[in-house]
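A short worksheet on the structure shown next.
The values are calculated or read from the model by the stated rules, or taken from the named source; none is laboratory data. The shown structure was predicted, so the numbers you read here are calculated from the model rather than taken from an experiment. Because the Cβ atoms are built from the backbone with ideal geometry, glycine has one as well, and the counts that use them run over all protein chains shown.
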C-alpha cells in the first residue's frame, strides 16, 4: 500500500469529470478550470502510472480497458474520501466514535436489532455494540464470566457488535 500516492485526489477528480461530463472541455467547465489544466492532469496521470487511460478516436476520447478500471477505482476513492470527511465532521460536531449499550436480557431482540440497524444507517461513522445482561433479580452471583440464577440456569452475557 502506497502511503505517499503519486496521484492527487484532484487529478482523480479530473479523470472522473472527463468521463462523466463527456469530454475535456465539458469537464473543464464542470471543474471551473481551463481545458489545458484538465488535459495536463490526465496526461500527468498517464505518465506517472505508465498506462494509457484514454484513446482518442476522431475528436472523442474513450476510456481504454485500463482506464475503465481506473475510473471505477477512482470513483470509489473519491466516495471514500468524502465519507472520511463526513466522519471527521460528525466527530467535530460532538458525535462519539463509538457507543456501547447494556441491554436487559428481556428486552426484545428484534427491537434492539431494528434500533441498532437504524442507528447504523443514520450514523454509519459511529460504531455501536450491545451487551445483553441479566436483571439484578435473576443474578445472585457472578463467577467465571457466567451469572447463575437460583434455578441454576446460566445466564451468559452475549455481545453483538454493529460497525
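Things worth noting here:
- Selection count where residues are surrounded by 11 or more Cβ atoms within 10 Å (Cβ to Cβ) and either modelled with pLDDT of 90 or more or more than 21 Å from residue 92 (Cβ to Cβ) (or both), scope segment 108-124: 7
- Segment 8-109 holds helices (runs of 4 or more DSSP H) entirely within its bounds, and those carrying 2 or more residues that are under 28 Å from residue 123 (Cα atoms) map to 9-21, 65-92.
- Filtering segment 52-63 to residues that are loosely packed, with under 14 Cβ neighbours inside 10 Å and at pLDDT 95 or above leaves only 52.
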